[in-house]
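The values are calculated or read from the model by the stated rules, or taken from the named source; none is laboratory data. Computed from a predicted structure; not experimentally measured. Cβ placement follows ideal geometry from the backbone for every residue including glycine, while neighbour counts extend to all protein chains displayed. When the accessible area is computed, the model is the full protein with side chains, heavy atoms only, and any ligands, DNA or RNA have been set aside. Shrake-Rupley method; radii C 1.70, N 1.55, O 1.52, S 1.80 Å.
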Amino acid sequence: KAGVTQTPRYLIKTRGQQVTLSCSPISGHRSVSWYQQTPGQGLQFLFEYFSETQRNKGNFPGRFSGRQFSNSRSEMNVSTLELGDSALYLCASTVGASGGIEQFFGPGTRLTVL
Amino acid sequence: GESVGLHLPTLSVQEGDNSIINCAYSNSASDYFIWYKQESGKGPQFIIDIRSNMDKRQGQRVTVLLNKTVKHLSLQIAATQPGDSAVYFCAEIPNSGGYQKVTFGIGTKLQVIP
């Protein structure tokens, strides 16, 4: 069974631009969560999608948004990029809804904002 | 806000020795804890979890200990191998559940000396 895949793996953007990252969960998994990982802050929860609906949201500004498609694939978008948005963006999938269930992480997308 | 931290940012151990990685958490309402391993260029990988009604759980070469009195979590790796070299971090989920409430530690880098 294929794992969680994320594209692209690396991305370089400049301030003010926008970016879209993609995540394909493990087949059969319906929940996809997104995280931002930085050296100083560690992993921080962005949002979670389940059956095309955003179920949970972390404390990030409205510039960060996402969506989930009927095939459970998910995208996240960051608009008006700032230098501080440089980070590793990880998505994780689980079979069921959120809470106490093992998550499977993808390799991440390394975003660099210049 | 609540936070999860790690005592040691870097831990070097000889191959074959046992490793102990520590984690302090501050939310006494946390109900569920997970240890993750993250190798360079990869996403976090679930290692072992423990619920607050337990104080010890064993896996293959790994043991997690939970001390709720002092809000301390540890990961013990027996007979450390070069393949164990990675960043390890803990995560806590409060009893209200939901990944939006998950708090991750910054991580401890484990270096195995051959």
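What pairs come up if the first residue lies in segment B:56-69 and is assigned to a strand (DSSP E or B), the second is surrounded by 15 or more Cβ atoms within 10 Å (Cβ to Cβ) and basic (Lys, Arg), and their beta carbons are under 6 Å apart, counting only those six or more places apart or on different chains? Listed pairs, sorted by first residue: B:VAL64/B:ARG57.
Let me confirm something: among A:ARG9, A:ARG67, which residue is open to solvent by 70 Å² or more (accessible area, probe 1.4 Å), in contact (Cβ under 8 Å) with a residue 60 or more places away in the chain and basic (Lys, Arg)?
A:ARG9
Candidates in segment A:12-33 are the residues that are in a strand (DSSP E or B) and crowded, with 23+ Cβ neighbours inside 10 Å; of these, the one that is farthest from the chain's Cα centre (by Cα) is A:SER31. Determine, yes or no, whether B:LYS42 is open to solvent by 50 Å² or more (accessible area, probe 1.4 Å), modelled with pLDDT under 95 and part of a strand (DSSP E or B). In short, no. Could you grab me the full set of residues in segment B:65-86 that are open to solvent by 50 Å² or more (accessible area, probe 1.4 Å) and either over 12 Å from the mean Cα position of the chain (by Cα) or aliphatic (A, V, I, L, M) (or both)? Scanning segment B:65-86 gives B:LEU65, B:ASN67, B:LYS68, B:THR69, B:VAL70, B:LYS71, B:GLN81, B:PRO82.
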